[in-house]
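Any read-out appearing in this document is the output of simple, stated calculations on the displayed coordinates, not a laboratory observation. None of these values were measured; they are calculated from a predicted model. Neighbour counts are summed over all protein chains in view; Cβ atoms, including those assigned to glycine, are modelled from backbone coordinates with ideal geometry.
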Amino acid sequence: MRVFLTGGTGLVGREIIWNLCERGDSAVVLTRNKEQAADRFAKYPDHDNIELVQGDPSRAGKWQKFVDGCDAAINLAGEPVFAKRWSKQKKQRLYDSRVDSTNHLVAAISGASNRPTVLASASAIGFYGNTGEAEITEDSPAANDDLGKICVDWEAAADAASAHGVRVAKLRIGIVLDEFDGALATMQTPFKLGLGGPIGRGAMWMSWVHVADVAGVFLKVIDDDEISGPINVVSPNPVRNKDFSKSLAKALHRPCLFPVPPFMLKLLYGESAAIILASQKVLPRKLEELDFAFQHSECPEALKSIFTDDERTS
């Protein structure tokens, strides 16, 4: 299988590409910096099967012709949510980096002579917003907030590919656990210093997923012709923040003693702190119906594996 990827040098993309290489598939990876990407992928198995394409997914360009002849497309492009405090400009970049990139990828698909048969496009459980104690499935409505609106338009842009005979799946990804990148890379710092603890009383729900399972879902989507529509990519066992904090402290062999006052997060992160403080009990109903086999379904075991296993794709 020949797979075109946007956002392939990010956390999830690197794991997917590792798996594609392991099983003998070819990856066509769009990147803004071919030299850095080449260095990163040099240690991958069968890395000669990785073709790097220079380009910016948020802009139309020559890169779009490389979609032609690919069997599947995976769309992961998007500016990190927590890289900076949110401003009007930051929120616009969050939107444009996702929606514009998806529009350009769909345009490339529509113009291809030999189109991919499937588009697996990333989304986020931010689609649902702060839902408190409610159990959330793929049928739950979108939130009427900034991130919810971004996700709605992001998914709508991906859905446009279906007009060209392409099967579209929208993967609403939870908090991805990985030692060296993503949310956990930030969370672990105070714990390593012996200053970690829950946020406030730690009552909010956290819907998490191990990076290996995220990659596994993307591969299942591109392999199975029957899968389409929204899919919650989260562990079947969400946990409260206080329990996640205890598990993280145990995995790091550190104490869990110092609660973080919510107002401190608001001072540090501004408007985006609402995402950290949101309670989301999201369930992977579609994946359960598909009998998807999670490698890491329990939070304590997932965190332990992250901090004891060698990281392949860091």
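Other residues whose C-beta falls under 12 angstrom from the C-beta of Lys34 contribute a net charge of -1, scoring Lys and Arg +1 and Asp and Glu -1. All other residues with a Cβ under 13 Å from the Cβ of Ile50 taken together, and with Lys, Arg as +1 and Asp, Glu as -1, what is their net charge? Value of the local net charge: -1. Dipole of the stretch 1-43, Cα-centred, from +1 at each Lys and Arg C-beta and -1 at each Asp and Glu C-beta, to the nearest 20 debye? For this selection, approximately 80 debye. Largest GNM mean-square fluctuation across Ile222, Ile136, Ile17, computed for the chain with C-alpha springs under 10 Å, falls on Ile136.
The GluC sites (Glu not before Pro) of the stretch 121-202 that DSSP puts in a loop, and whose beta carbon has at most 14 other beta carbons within 10 Å, are Glu133. Counting neighbouring Cβ atoms within 10 Å and putting the fewest first, the residues His47, His104, His296, His253 line up as His253, His47, His296, His104. Checking the Cα-Cα distances for Lys149/Lys286; Lys90/Lys246; Lys88/Lys286; Lys220/Lys304; Lys192/Lys266 against a 28 Å cut-off, the pairs over it are Lys90/Lys246; Lys88/Lys286.
With the helix formula -39500 (n - 2.57) applied to DSSP H stretches of n ≥ 4, the chain reaches a computed 222 nm mean residue ellipticity of -11500 deg cm²/dmol. For Lys34, the lysines whose Cα falls under 21 Å of its own Cα, not counting residues fewer than eight places away in the same chain, are Lys43, Lys62, Lys65. Structural size metrics of the chain, computed from C-alpha coordinates, are Rg and Dmax of 18.9, 59 Å. Taking the chain as a Gaussian network of alpha-carbon nodes connected by springs under 10 Å, the highest mean-square fluctuation of the residues Leu184, Leu268, Leu283 belongs to Leu268. Under Stokes-Einstein, with the Kirkwood radius over Cα pairs standing in for Rh, what whole-number D in µm²/s applies to the stretch 3-72 at 20 °C and 1.002 mPa s? The Stokes-Einstein estimate is 179 µm²/s. Among Trp18, Trp86, Trp208, the largest mean-square fluctuation in a Gaussian network model of the chain (Cα springs under 10 Å) belongs to Trp86. Within the shell of other residues whose beta carbon sits under 12 angstrom from the beta carbon of Lys88, the net charge comes to +2, with Lys and Arg scored +1 and Asp and Glu -1.
Charging the Cβ of each Asp and Glu at -1 and of each Lys and Arg at +1, and nothing else, the dipole of the stretch 71-171 about its Cα centre rounds to 520 debye. Ranking Ser162, Pro261, Asn232 by how far each Cα lies toward the positive end of the dipole of the chain (charges on Cβ) leaves Pro261 at the top. Among beta bridges from DSSP that stay inside the chain, the antiparallel ones total about 5%.
Only Lys, Arg, Asp and Glu carry charge here, each on its Cβ (+1 for the first two, -1 for the last two); on that basis the stretch 189-314 has a dipole of about 1000 debye about its Cα centre.
Oblate is the label for the stretch 224-305. Its Cα gyration tensor axes, ordered a ≥ b ≥ c, give a/c of at least 1.5 and b/c at or above a/b.
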